[in-house]
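Since the structure comes first, as structure tokens, the remarks are kept for the end.
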Amino acid sequence: MSLNKVMLIGNLGRDPEIRHLESGVVNSTFTLATSERYRDRTTGETKEQTEWHNIVCWRQLAEFTENYLKKGTQVYVEGKLRSRSYNDQNGNTRYITEIVADTIQLLGRKSDNNTAAPAQAAPVAAQPRPAVTKPIVDEGDDLPF
């Protein structure tokens with residue numbers, strides 16, 4: 001068994017870059033900043049460390065980012081980690097790590113987002129998940145656990 005799951009809360013570092021492919025599929029990419037604050041043990045001063053994440057969205061989720069996200073928007077992103085390599089213009093091999101998003105949810109106050117999404121637009125998931133209302137109980141066996 002294995003698990004590849006990433007959950008982030010942060011702010012967009014730039015407006016999403018949207019691409020409409022010839023096949024009709026929509027793709028969007030953007031950067032997400034997550035920050036961690038800590039107190040330096042030697043000086044006692046509060047420091048902040050920011051990490052930048054490359055986020056990739058496809059299809060309906062990419063359309064959602066096109067319509068509702070902009071630089072500075074605070075969002076929750078859930079997805080999976082993907083690493084890939086490519087050759088740059090000079091022929092050098094470059095490596096990149098990305099988060100392929102499955103779910104994006106707008107956070108923060110409505111005043112933070114000039115174009116607030118309708119209630120049903122967040123969270124947006126690539127595949128609908130069935131709602132579990134009540135656990136399934138099999139009362140037909142005599143197992144002690």
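Summary of computed values
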{"quantity": "Linear extension gain, Y76 paired with W52, 0.36 nm per residue minus alpha-carbon span", "calculated": "7.2 nm"}
{"quantity": "Rounded if a/c under 1.5, otherwise prolate or oblate - region 6-125, Cα gyration tensor axes", "calculated": "oblate"}
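Throughout, read-outs are computed from the coordinates displayed, never taken from laboratory work. Every value quoted in this text rests on a predicted model; they were computed, and no experiment measured them.
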